[in-house]
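Input: a single structure, listed below in structure tokens.
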Amino acid sequence: MALNFAEILTDAQKRGRKRLVLAPAREERFIEVISEAVIASIVTPIFVGDGKVIEKLLKGTSISSGNYEIIDVPDYQKAVSTAINMIKENRGDILMQGAVPHQFFVDAIQDRENGLLRGSLTSFVSLFEMPQRDRLAMVTDSYVNNFPTLAEKKMIVENAVRLANVLGIRSPKIAALAAIEQVNPAIPSTLDAAVLSKMSGRKQFGDVTIEGPLDIDCAVSEMAAARKGVDSVVTGNVDIYLAPDIEAGYSLSQLFVFVSRMPMAGVLMGTSRPVILDMPFVSTDNKLTEVAMAVLLCDRGG
Amino acid sequence: MIRTLDDVIKLAKEEGPKKLAVLVPDDPEFMLAIKKSWQNGYIEPVLIGDRGKMERVADKVEFDISHFEKIFEEDRQTIANLGAKMLFEGEVEIESKGQIPTSYIYRSIIREESKAGSGKKISVISLWEIPELDRFVAFTDTGVNIAPDYQAKVGVVKDAVFLFHLLGYSRPSVSVLSSRREIGGPSDSYRDAQLLKSVAASGDFGECEILEATSLSDIFLGQEGRLSSYSDINIKNLPEILLVPNLDTGNILCKTDFFLNVTRCSLVISSKGLVNIPSRADFSDSIMEQIAMCVVVADRMKGEISG
């Protein structure tokens, strides 16, 4: 089981190099991350974009002396569709978002006919190294879905569980978060959380325990939970924090980054092959973890 | 300007004791907090709750409650109603939640506001003391409004700005948090942020500044910025007030103090006084600090009512 980002990288290094397709390749900062991934022996890069621009970007970098490939597609939109096709045709293993508007890129991934959807929903997992806990924890969905329905939350859970399993967390514990730990018909998130909790009790998610609704103090602290009369194996031992909606998921992830300063890597789940999004609040140091995570997902899809 | 809990504690000693009604003090941590607050001269408690439980817990924490006013009652809603009535009739200056779900308290305060014809909507303000930051930061509304619309948010911002003015912050900055991001389409919370900015411009909130930033990412990186390294994060960028889009978000964010080295104080500003809203999972020292904060704010509130 990977307990921190360093171990994710170590695990990825055991898998051999995967073909990482960057599209569109037109900004230096992506080249820097990929250079690190090449040095770490986890990827062989394929750059899709304006060939001349790419040659210029690579000049003098450690990549230029090794193995790489350039696919000359100057138009950035076509570069993305070309890259997606390459992945679909198994001419690449991992798709990495380059400098392109997020909505365009996500729409291309989610296109039912031509995209890289695994099922019917993608979701974003913010993966954290938590200093208070000597292992990894996740917050989801923290980027893609606005106000997921119960059926969509079920898929968000399944996506996160798949990621947990890839990380070696065999029986993930999930806190379905809400404002309070009691089921209150006036607070819809508590109803969804209670249903998901019941579904997990009936083993509808396999070897997974979902407890909910839980407010975050009950989720984080077994003692706090005990004082509120909540008895669960999940309290104080959460692997996955399921956010009630995007307002909570997006803010909570960012609070952990900017105020708690917890190292974060983002993982898009629900794709047929690993896809790395370009999130502004993932620090440059942690982008390599995102690539390593994608390598680990190669055998399982996103 | 009151910047830290040390400031608050010093002032609470000077400005106390204030009469405070405690609802359901039948948990040792709560009773211990009352004991310490009384010993420190912050409060003169009125204990409302189940007699047997109250006395057992007082014994457990070695607190002689024989000389305090006590009201014995077991029904939670009746307890909350009694506390709210005492607050609104001026018998106490502060009401404090004990081991009772907040919904009972909010219901009773809303009822008293309605009876008083104040037209005031209530909200919970959760203040954070962050050690690296030499001032308070607040999340609001973290307790009452499940999915506040723009009108409700106007009231929420007014209360928070009012509180910061009381604490001596002449022009608090406000960020209206929203999930608006590069994807996902239009966002109601972002639309509210734009509307609130125009209200602020008209002066309805008093002196304050509504920031352009609607996410922590915007606050710390700017709209086009990227996080290169954690060492670049400047905690001083946090505004005084973070208006949250809904109850779930507010409650989750304000209680992440469990992950952090911060101290939280949550309170409600009613039209007649303050209500202390600790979490039922808080410990005695934290509850005592929250009581001290209420004592100080209550003292400054005399004669001033939030719009």
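The values are calculated or read from the model by the stated rules, or taken from the named source; none is laboratory data. Given the structure is predicted, the values throughout are model-derived calculations rather than measurements. Here Cβ is always computed from backbone atoms with ideal geometry, including for glycine, and neighbour counts include all displayed protein chains. Just the protein is used for accessible areas: all its heavy atoms, side chains included, with ligands, DNA and RNA removed. Shrake-Rupley method; radii C 1.70, N 1.55, O 1.52, S 1.80 Å.
Is it the case, given these coordinates, that A:V183 is under 21 Å from A:V220 (Cα atoms), open to solvent by 10 Å² or more (accessible area, probe 1.4 Å) and touching a Pro at 6+ places or on another chain (Cβ under 6 Å)?
no
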Expected output for segment B:16-43 (first residue on the phi > 0 side of the Ramachandran plot, partner of a type in the set (V, I, T) and buried (at least 21 other Cβ atoms within 10 Å of the Cβ), Cβ below 7 Å, 6+ apart or cross-chain) is B:V24/B:I79; B:V24/B:I100
Condition set among the charged types (D, E, K, R) and assigned to a helix (DSSP H, G or I), scope segment A:215-261, selection farthest from A:N146 (Cα to Cα): answer is A:R227
Output for Cβ contacts, cut-off 6 Å, separation at least six or different chains, first residue more than 18 Å from A:V183 (Cβ to Cβ) in segment A:194-212, second part of a loop (DSSP other than H, G, I, E, B), reads A:D207/A:S171; A:V208/A:P172
Among B:A138, B:A116, B:A160, the single one that is buried (at least 21 other Cβ atoms within 10 Å of the Cβ), more than 14 Å from every other protein chain (Cβ to nearest Cβ) and small (G, A, S) is B:A160
Within segment A:158-187, residues more than 9 Å from chain B (Cβ to nearest Cβ), more than 18 Å from B:C254 (Cα to Cα) and small (G, A, S) come out as A:A160, A:A164, A:G168, A:S171
Taking segment A:210-236 and keeping residues open to solvent by 50 Å² or more (accessible area, probe 1.4 Å) and either in contact with a strand residue (DSSP E or B) (Cβ under 7 Å, 6 or more places away or on another chain) or hydroxyl-bearing (S, T, Y) (or both) leaves A:V233
Check: Does segment B:153-167 contain any residue that is part of a loop (DSSP other than H, G, I, E, B) and more than 27 Å from A:N184 (Cβ to Cβ)?
Finding: yes
Is it the case, given these coordinates, that B:S217 is touching a residue at least 40 places away in the same chain (Cβ under 8 Å) and either part of a helix (DSSP H, G or I) or within 14 Å of chain A (Cβ to nearest Cβ) (or both)? no
Note on segment A:9-35: residues open to solvent by 40 Å² or more (accessible area, probe 1.4 Å) and over 22 Å from A:D299 (Cα atoms) are A:R26, A:E27, A:E28, A:R29, A:E32
* Asked: Taking the stated definitions as given, is B:V92 closer than 20 Å to B:A12 by Cβ, part of a loop (DSSP other than H, G, I, E, B) and open to solvent by less than 50 Å² (accessible area, probe 1.4 Å)?
  -> yes
Here the residues within segment A:97-123 that are more than 10 Å from chain B (Cβ to nearest Cβ), under 24 Å from B:R226 (Cβ atoms) and open to solvent by less than 10 Å² (accessible area, probe 1.4 Å) are A:Q97, A:G98, A:I109, A:T122, A:S123
Any hit, segment A:278-286, residues being within 23 Å of B:N246 (Cβ to Cβ), of a type in the set (V, I, T) and within 10 Å of another protein chain (Cβ to nearest Cβ):
no
Within segment A:244-272, restricting to residues that are more than 9 Å from chain B (Cβ to nearest Cβ) and among the β-branched types (V, I, T), the one that is farthest from A:Q110 (Cα to Cα) is A:V267
Yes or no: A:D239 in contact with a strand residue (DSSP E or B) (Cβ under 9 Å, 6 or more places away or on another chain) and modelled with pLDDT of 95 or more? yes
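Select from segment B:145-176 the residues that are over 15 Å from the mean Cα position of the chain (by Cα) and of a type in the set (V, I, T) and list them in ascending order.
Correct list: B:I146, B:V154, B:V174, B:V176.
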Across segment B:220-247, the tally of residues that are in a helix (DSSP H, G or I), within 7 Å of chain A (Cβ to nearest Cβ) and not hydrophobic (A, V, I, L, M, F, W, C) stands at 1
Within segment B:248-259, restricting to residues that are open to solvent by less than 10 Å² (accessible area, probe 1.4 Å) and hydrophobic (A, V, I, L, M, F, W, C), the one that is farthest from the other protein chains (Cβ to nearest Cβ) is B:C254
If you go through A:D285, A:D299, the only one that is part of a helix (DSSP H, G or I), modelled with pLDDT under 95 and surrounded by fewer than 24 Cβ atoms within 10 Å (Cβ to Cβ) is A:D285
Looking for something open to solvent by 10 Å² or more (accessible area, probe 1.4 Å), closer than 27 Å to A:P280 by Cα and either assigned to a strand (DSSP E or B) or of a type in the set (F, W, Y) (or both) - is there at least one such residue anywhere in segment A:162-177?
no
Pairing a residue in segment B:181-192 that is among the basic types (K, R) with any residue that is open to solvent by 30 Å² or more (accessible area, probe 1.4 Å) and in a helix (DSSP H, G or I), where Cβ atoms lie under 8 Å and the two sit 6 or more apart in sequence or on different chains, gives B:R191/B:Y150
### Query
Got at least one residue in segment A:226-243 being β-branched (V, I, T) and at the interface with chain B (Cβ under 8 Å from one of its Cβ atoms)?
no
Every listed condition ((1) modelled with pLDDT of 95 or more; (2) open to solvent by less than 60 Å² (accessible area, probe 1.4 Å); (3) within 12 Å of chain A (Cβ to nearest Cβ)) holds for B:G168 save (3)
Note on A:F205: of the conditions (1) within 10 Å of another protein chain (Cβ to nearest Cβ); (2) open to solvent by 10 Å² or more (accessible area, probe 1.4 Å); (3) in contact with a Leu (Cβ under 9 Å, 6 or more places away or on another chain), unmet is (1)
- prompt: Has segment B:63-74 got at least one residue that is open to solvent by less than 10 Å² (accessible area, probe 1.4 Å) and closer than 29 Å to A:V230 by Cα?
  reply: no
Exactly one of A:V80, A:V21 is more than 14 Å from chain B (Cβ to nearest Cβ), β-branched (V, I, T) and not in a helix (DSSP H, G or I), and that one is A:V21
